[in-house]
Amino acid sequence: MFIKDISGGLCAVNGVKVAGSRKGKYGVAIIDCPNSVASAVFTTNKVSAAPVKYTKEIIKNGKISAVFVNSGNANCFTGQQGIEDCKYLVNLISKDLNYPEEEIAIASTGVIGRKMPMNIIEDVAYNTLSNLDNNPENSLDAAKAIMTTDTVPKEFAVEITLENNEIVHIGGITKGTGMIAPNMGTMLCFLATDAVIDVSSIKKALKIAVEDSFNMIVVDGDESTNDTALLMANGSSNVNVVNDGEIDKNFQEGLNYICKMLAQKQVRDGEGASKFIEANVSGASSVEDAKKAAKSIISSSLFKAAVFGGDPNWGRIVCAVGYADVEMNQDTISVALSNKDDSVDLVKEGEILAFEGTDNLKIAEEIMCGEEIIVNVDLNSGDKSATAWGCDLTYDYVKINAEYTT
């Protein structure tokens with residue numbers, strides 16, 4: 001296999017220094033990745049945070065040397081003061097690391113509509129700067145520093161053997177457990193690689209990877225104001241992953257893979273979540289239809305609640321597919337449930353197989369009681385497929401969000 005899971009998170013990549021620290025609910029992570037070619041994707045929410053607006057401008061030159069991230073305050077809906085706070089923090093990093101301000105990106109996560117507690121953030125930032133290093137513990141500290149309602153830190157790293165047998169690495173950290181929707185996946189994600197890649201190619205590679213990972217997860221259907229996924233390539237391996245204008249296939253698949261792993265970590269840790277859901281849709285007339293149907297299933301509050309209760313209510317699955325605005329026929333659709341050990345057909349080409357008193361329904365009930373539920377839907381309308389990931393909707397989700405700002 002040309003993709004190998006490795007430890008170390010961001011620090012699995014040579015030349016990357018990372019640190020993170022907290023003071024109460026406020027955290028700061030700093031990523032030092034000098035002279036990197038970079039690209040980023042952001043929220044499509046028309047209410048976007050100050051750091052999103054700021055970094056959108058910075059990233060236009062395709063070069064990033066450092067990233068500042070704070071948690072506990074989103075710096076969103078804060079007007080011109082929010083932009084000034086971004087500039088202040090970027091200037092702080094610029095002076096300490098001796099990088100031009102136009103090479104420093106910034107991101108925030110936390111409560112919307114509150115002014116930044118700059119005295120606290122500044123203190124935590126200086127403490128973080130004093131601990132920058134390249135070791136696994138530092139990557140983990142950074143992942144912890146950007147957590148809000150997350151219950152576990154999220155990081156991942158891979159070693160990729162390219163088609164020419166040369167090796168490169170990609171590492172990343174992410175956060176996000178709520179306000180997760182299939183529209184840039186409402187989260188923060190920071191990735192670094194030691195590959196050599198040009199600006200145009202890194203934009204293309206990241207867009208492809210995000211489309212099938214962070215854009216295919218749903219916790220609650222709400223899209224954040226602060227979504228940012230940023231990829232930096234410092235070239236420390238001296239291995240170019242672009243040949244004759246084409247991105248190495250193995251590199252692209254490795255980037256896709258790490259993004260999917262990080263995205264799945266988010267929904268597994270969804271706010272209040274107790275179960276993980278994978279929705280596979282096949283037999284679609286187009287990739288777009290397959291994606292819409294898969295996301296519709298994991299977005300359905302009714303189905304998510306049924307998963308929490310262990311209820312194999314497959315009617316909620318076909319209902320969600322039905323309103324997804326895709327080409328389908330209820331007389332030919334097939335629906336099945338599975339886990340690592342069992343699989344059962346609920347509907348086969350329009351024929352109901354799981355009804356009261358059947359073995360199919362009994363097996364479905366057992367599958368629904370597990371911690372991982374896989375939904376397989378065949379639209380029997382074509383040959384395209386897609387996969388989306390989500391979690392159940394629990395009492396704890398309501399409790400967490402009822403008390404979020406208190």
| said: Can you find, within the range 64-118, the residue that is most open to solvent (accessible area, probe 1.4 Å) among those that are among the aromatic types (Phe, Trp, Tyr) and under 25 Å from VAL37 (Cβ atoms)? | reply: TYR99
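Return the residues of the range 376-404 that are in contact with a Lys or Arg (Cβ under 8 Å, 6 or more places away or on another chain) and open to solvent by 20 Å² or more (accessible area, probe 1.4 Å); say none if nothing qualifies.
LEU393
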| request: Go through the residues of the range 57-78 one by one and say whether even a single one is polar (S, T, N, Q) and in contact with a Lys or Arg (Cβ under 7 Å, 6 or more places away or on another chain). | output: yes
| task | Examine the range 62-72 for a residue that is under 24 Å from the mean Cα position of the chain (by Cα) and among the basic types (Lys, Arg), and state whether such a residue exists. | result | yes
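Residue-by-condition table, conditions (1) out of contact with any Cys (no Cβ under 9 Å at 6 or more places or on another chain); (2) over 18 Å from GLY390 (Cβ atoms); (3) modelled with pLDDT under 95; (4) not small (Gly, Ala, Ser):
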{"residue": "GLY283", "(1), (2), (3), (4)": "yes, yes, no, no"}
{"residue": "SER286", "(1), (2), (3), (4)": "yes, yes, no, no"}
{"residue": "ILE333", "(1), (2), (3), (4)": "yes, yes, no, yes"}
{"residue": "LEU337", "(1), (2), (3), (4)": "yes, no, no, yes"}
{"residue": "VAL347", "(1), (2), (3), (4)": "yes, yes, no, yes"}
| Can you pull out the residues in the range 320-353 that are assigned to a strand (DSSP E or B) and either at positive phi or of a type in the set (A, V, I, L, M, F, W, C) (or both)? | VAL335, ALA336, LEU337, VAL344, LEU346, VAL347, ILE352
| the range 28-42 residues that are farther than 19 Å from LYS60 by Cβ and among the small types (Gly, Ala, Ser), paired with ones that are assigned to a strand (DSSP E or B) and open to solvent by 10 Å² or more (accessible area, probe 1.4 Å) (beta carbon under 8 Å, 6 or more apart) | ALA29/GLY20
| request: Scan the range 1-19 residue by residue and report those that are under 15 Å from ILE93 (Cα atoms) and either open to solvent by 20 Å² or more (accessible area, probe 1.4 Å) or not in a strand (DSSP E or B) (or both). | output: LYS17
| task | Could you list, in sequence order, all residues of the range 240-273 that are under 30 Å from LYS399 (Cα atoms) and either in contact with a Lys or Arg (Cβ under 8 Å, 6 or more places away or on another chain) or open to solvent by 60 Å² or more (accessible area, probe 1.4 Å) (or both)? | result | LYS260, LEU262, LYS265, GLN266, ARG268, ASP269, GLY272
| request: Give the residue that is most open to solvent (accessible area, probe 1.4 Å), with candidates limited to residues of the range 344-375 that are of a type in the set (Val, Ile, Thr) and farther than 20 Å from PHE308 by Cβ. | output: ILE352
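The values are calculated or read from the model by the stated rules, or taken from the named source; none is laboratory data. As the structure is a prediction and not an experimental result, all values here were calculated from the model. Neighbour counts run over all protein chains shown; Cβ positions are idealised from the backbone, glycine included. The area values use the complete protein model at the heavy-atom level, side chains included, leaving out ligands, DNA and RNA. Shrake-Rupley method; radii C 1.70, N 1.55, O 1.52, S 1.80 Å.
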